Structures are given as structure tokens and as C-alpha cells.
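Reading through the C-alpha cells given below for one structure.
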């Protein structure tokens, strides 16, 4: 294997005959409907002609700074039109874009910026404090490679001033299908997060596949999650690719989301489960006109069955849950409106996807048995950037030698071929030698009329090693006791599943894309002990 060859085998160029890069699609839309809105944010509208012109200018300026094919640019900023333009301008210049998590700690961001070899950093003032501690150590940035969107400081170029000298005339780079598109860093909280490297070929499939979700030139998509998240990028890149209109929210807000959805006649949104919960729970939800919606997508964490049912009943348009890895491989889709009896599942394998369920020894399990989910697809990531061994830890090969990615998720496939997702493998509770899946207990607890949110974790037990415990959020106004909820649940759970305690919390800690941070919840109970998780 040559040093430049990706660890994950990629399709050969001949297998990608109709490749058109997303930057090329942007230029096409600018020619075909120049005056149509491409992106909106806080009342500012950029039509396709202006959007394409600014992308050309950004690409030209990056090229003048010496950046080209495969060079990395990093962005640490809040959602904005300028963010999206920078992303697309970097791609058009041939660069690989690294959108950085604004939730990461300063020391983790320093490691990411060094690891990805970024030559230019685009930064907004809101996140300056995440860069200031190591500003003097950013030695891989080229001269002039610190660009500020909305602040003035020594050593930083003003974004609009940096852009001003450049022409908006067409700028073209010969982008090849297997060129690097982006690096998305995983949400790991210890050590260096893994940089997931995607190709242009993989990303170019989004505008090809998403018409199945009613995406097209008339799409009006409301973006309320951070652009750095793969959850956001999947739907955003699809919208850009098909020539729709993207409306960017700087941060998630229930009332503003509903107001924009009504006023702009929004047709699509990609949301995470906690957003569905909060939007549907808003007392004025049913007063808003959401009749323009065609499709709503959910991903990043399991969407509870009762929330799906409520959404199907009260929110117009299709509801589609997508399960998958940022790395690619196994993915499933559930068309909730069509399968009301399968809302406890995440659907069936997507286009060109194959799934396997594996035991602890990596042996394939028969349908119906619980094990680790592994999957393969036509296109998968190129690998974790500069972490070949970490990449290989994902690998599993079937009897034909074909590569699958192990997901780290536990689940089973039911008699109809639908995937029932249980827990992350690392979150599984082993009590008295039995595997206990928190998801099963959580589903039950959410049926309690006074419980609106829950996380079940394993806590130390002298007798069993660890035992399940429930951290619950009560419905406003409820006066039920912790012991009453525990006894109610244990009356319906098997002996190995019974919870040792219930604790009420005002809220549960979640990432910006809605995942409950179970590691953070477990930590206080295991401090000073050797956890078996």
C-alpha cells in the first residue's frame, strides 16, 4: 500500500462515471437560476449568482495564499452565510474543509488544529476564547492564515477585507472524485478525537440520493443545528446540491424555528430527537401553519417511538428517521408514516447497504439475536485521518472478504428485517453476568405519565458488579416520588433489569446535536473505582 492510498478501499474512478462535485453544482445553479435565493440568515439573502461569486472570490484568495488540492482549512464559527460560503470556497479551491466543534474544549481544539494540518483558520468572535490559550502555537498556519469573521485583533485579517481584492469571475479546480472533501472530528472526550475523512465522491451522492426524500430545486430547508455537525452537513449539502434554498439559524430556538417554518413555507428540516421533543411540546405548536412541510428527517440519536407517533399525527409531511455512522457503512431508514407498527425500530437498510449482527468473537449471529451492528455500503470514509490503526479497529470481513465497519452499537434485526437499536456497546450494563440494555428500561420508563426524559446508566454494585439506575426528568407539576417511579418500573421489568434507584434531574446533559452524555452522568458514581463498562 502506498503512503497516499487510503486504508479503507475506495471505488476506482471507472466506477464513478457520472461524478459532479458539489462546487460544480453550485456554479450550475448560478447559471440556471441566478436570482433565486440560495441561502438566508437573519434577514440577509444571497441569491445563487451572488453566492457563487463570493465562493469564487474565497477560492481565489485561498489559491493566492498557496492553498490547493488536499490542503486543509479549518472553521470555528457560529452558523452564518459566510461560514457556508467559506466551506464551499475551500472546496472549490481544491482544499479539504475541517469544520470544528464549538463544544470542544480549548486543549482538544488545539490538538485537532495540529492533527488536521490546517493552513488557514476562520474564526468568529464568539469562540475566540477557545483559541487564545494556544494562539502562539499555531505554527502550521500560513502567513495571513488567521481570518476573523466579526472581530478585529492583531495578527487577524478581517474576512471582508481579506476578500475585497478578489474577482468573482469563475474559478475552477480539477476536482477528482477521491479528493478529500472534509474532516469531521468525532465527539470523543478523551485523548485526540478521530478525524473522519470523506471524499468528494461520497459527498456527491447526497444530491443524488436525497430526491427520494422530496429534495429538489423547490426545497426550502431550515437549518437549526451547527454546521460543524455531520447531521447538519448531510441535509445542507443535499439542499445546496439540488439547488434548493437553505435558511440558517445561528442557534436552535423552538419559537424562532416555528416562526421561520411558517413565514418561509419551509418544506424540509433535519432535526435531532431533543428538538422534536421540545418543538412538539411547545404549547403553541398547533397554532403554527406547517402545511408546507414535505419531509422531516431525524438522526444522531434514537427518536423515541412515542415522539415519532406524535410527530406523525400532528406535523404535516413525511417523518424519516436515519440511523448510521459518520464513517459510513451501515445505515437504516424508517419511513414512520408508512410503518406505524415499527416506530420502536430505526427501519431497514438503506440503498446499497448490508448489515450483519456480530457476537463478541466477531461471528455472525442469526436474525433476531442481539449483537454488535456492522455494515457496508457502496462508499465509506477514506479512514481516520493519520490514524490507520484506529481505522482498522473498525474492520470486519465476511466470508467473501468484503469489508464491513463495526458500529459499536448493539441491536437485533426483527422478523421483518427492521433494525431494533439498543445501546452503545460501551454503555451496555453487565449485571451479575447478564447483559442489560438501558434502552429497554428507558422505553418502559417513558410510558410513565410523569416521566418526560430518562437516561439509564450502570452504577457500582457490590453484589452484581453494576446495576441499572434511572435518572429521570419529571413532567412539570408532577409530585410523584422517586421510589414510586422505581417500584412502578420494577413491577414490569425482569429480575436482571430491575433498577436500584431513580433520581430526578431538572434536565439531562446533551451535546449540541442532542445526544445524552452518559459518560458524564456515570462519572460521579464511578470516581475512585475501576468501572466495568
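The values are calculated or read from the model by the stated rules, or taken from the named source; none is laboratory data. Not measured: the values here are computed from a predicted model. Neighbour counts run over all protein chains shown; Cβ positions are idealised from the backbone, glycine included.
Screening residue 411 against (1) touching a residue at least 24 places away in the same chain (Cβ under 8 Å); (2) assigned to a loop (DSSP other than H, G, I, E, B) leaves a single unmet condition, (2). I need the full set of residues from region 12-42 which are at pLDDT below 95 and either over 28 Å from the mean Cα position of the chain (by Cα) or surrounded by fewer than 15 Cβ atoms within 10 Å (Cβ to Cβ) (or both), in order please. The answer is 12, 13, 14, 15, 17, 18. Taking region 258-275, which residues are within 24 Å of residue 333 (Cβ to Cβ) and at pLDDT 95 or above? Passing the criteria: 261, 266, 267, 268, 269, 270, 271.
From the list 388, 416, the lone residue that is surrounded by fewer than 19 Cβ atoms within 10 Å (Cβ to Cβ) and within 22 Å of residue 333 (Cβ to Cβ) is 416. When region 461-492 is limited to residues that are surrounded by fewer than 18 Cβ atoms within 10 Å (Cβ to Cβ) and closer than 22 Å to residue 424 by Cβ, the one that is modelled with the highest pLDDT turns out to be 473.
In region 18-104, which strands (runs of 3 or more DSSP E) lie fully inside it and hold 3 or more residues that are closer than 18 Å to residue 219 by Cβ, in contact with a helix residue (DSSP H, G or I) (Cβ under 6 Å, 6 or more places away or on another chain) and outside the structural domain of residue 513 (by TED's automatic domain parsing)?
37-41
Taken over region 355-385, the residue count meeting the criterion of being within 27 Å of the chain's Cα centre (by Cα) and surrounded by 15 or more Cβ atoms within 10 Å (Cβ to Cβ) is 19.
Residues in region 272-307 that are touching a strand residue (DSSP E or B) at 6+ places or on another chain (Cβ under 6 Å) and without any contact (Cβ under 8 Å) to a residue 60 or more places away in the chain: 296, 298, 303.
What number of residues in region 463-478 are in contact (Cβ under 8 Å) with a residue 12 or more places away in the chain and out of contact with any strand residue (DSSP E or B) (no Cβ under 9 Å at 6 or more places or on another chain)?
Residues that pass the stated criteria total 1.
Being exposed (fewer than 13 other Cβ atoms within 10 Å of the Cβ) and within 16 Å of residue 81 (Cα to Cα) is the filter here; which residues of region 143-166 pass it? Steps first, please.
Quick first cut of region 143-166, residues exposed (fewer than 13 other Cβ atoms within 10 Å of the Cβ) only: 143, 152, 154-155, 160-161, 164-165.
Within region 143-166, just 160 meets the criteria.
So is residue 299 modelled with pLDDT under 95, buried (at least 18 other Cβ atoms within 10 Å of the Cβ) and outside the structural domain of residue 440 (by TED's automatic domain parsing) or not? Taking the combined requirement at face value, the residue satisfies it.
Residue-wise test of (1) in contact with a strand residue (DSSP E or B) (Cβ under 8 Å, 6 or more places away or on another chain); (2) outside any helix (DSSP H, G or I); (3) modelled with pLDDT of 95 or more.
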position: 114; (1), (2), (3): no, no, yes
position: 119; (1), (2), (3): yes, yes, yes
position: 129; (1), (2), (3): no, no, yes
position: 134; (1), (2), (3): no, no, yes
position: 155; (1), (2), (3): yes, yes, yes
position: 167; (1), (2), (3): no, yes, yes
position: 172; (1), (2), (3): no, yes, no
position: 184; (1), (2), (3): yes, yes, yes
position: 187; (1), (2), (3): no, yes, no
